[in-house]
Each structure stands twice: as structure tokens, then as C-alpha cells.
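Okay, so here's the structure we're looking at.
The values are calculated or read from the model by the stated rules, or taken from the named source; none is laboratory data. Predicted model only: the values in this text are computed from it and were never measured. Virtual Cβ from ideal backbone geometry, glycine too; neighbours counted across all protein chains shown.
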Amino acid sequence: MLSAAPLTPSRRPTVPAGQQEVIRVVLSMLQEHGMDVVFVGAYTEGSRRFRIVETMSHGPAAAIATGAQGGSLVEEPIVLRDGQVLGRLCCCQASANAAAAERDQRWLRHGARLAARLLDNEQVLRELSAQSLDQ
């Protein structure tokens, strides 16, 4: 079970606009599949404290992720090509049905991989653009 304490506003890191857009697209895709999903980040001080970086709704997943409500979340890390964990996609564990839970985990995994690849590609394009401007 994932539990969390919200971060204070002064400790909230910023997420670049390009990353926010990619995360929104992936969250929207997963929600179209019927999942209550949020993106979380900002793990600090070696604890499980984090904040919601992006959500499309304020359903149970958001309440559990911020510590406002008890419950459990299924989570999948967004791991970039360089090994950096950008954050996690988290989905409310809505069903005790093992097949549904496995399906949700699979969708989260695919969503996390998609977000990571899109973000990696965006970074490569930014680097190539910067190189061409320098020449």
C-alpha cells in the first residue's frame, strides 16, 4: 500500500510545461480506459512523501496519493532513458478482482513506458535543436 503526506507549497518543485503536456496526454489515455489515475513526483528525504504533479480529476486516487483518504494504489514508475525516475503513475485499486488488477497494472506499465519514450524523444529534439542553433 502506498501512503503519503503532502508536501508544503514552498517545497513543491516545478514541472516543465513540455513534461506536463506529455503526462496529461498519458493520463487522458488511461482515463479513457476507465482508470482513476494520477501522476506523482517529488519524493523527498528518503521517505514516501510526494505531491500530485498532475491529475485529470480529483477522485479516490488523488485523495489516497495526498494522504487525505486511506486506501491502496497500484503504481508504475516513469523511468527515462538515463535511468532517472521522473515520477510514478498511480491508479486507485478499485477492484479485488485479480484479473482487473493485473489489467490495470499492465495499462499503467504501458502508460509509463509511453510517457518515458515521449519525454526522451522530446529531450533529444531539444538537444538537436540547440546544436543546430550553435552552428
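Remarks
- Hey, Ala100 modelled with pLDDT of 75 or more, over 29 Å from Glu122 (Cα atoms) and more than 14 Å from the chain's Cα centre (by Cα) or not: yes
- Filtering the stretch 95-122 to residues that are free of Cβ contacts under 8 Å to residues at least 12 places away in the same chain, over 19 Å from Ser28 (Cβ atoms) and of a type outside the set (A, V, I, L, M, F, W, C) leaves Ser95, Asn97, Glu102.
- Residue, surrounded by the fewest Cβ atoms within 10 Å (Cβ to Cβ), within the stretch 54-76, restricted to residues that are of a type in the set (A, V, I, L, M), at pLDDT 75 or above and not in a helix (DSSP H, G or I): Val74
- Counting the residues of the stretch 14-53 that are in a loop (DSSP other than H, G, I, E, B) and at pLDDT 80 or above gives 4.
- Complete set of residues in the stretch 78-94 that are over 20 Å from Met29 (Cα atoms) and either surrounded by 20 or more Cβ atoms within 10 Å (Cβ to Cβ) or touching a Pro at 6+ places or on another chain (Cβ under 9 Å) (or both): Val85
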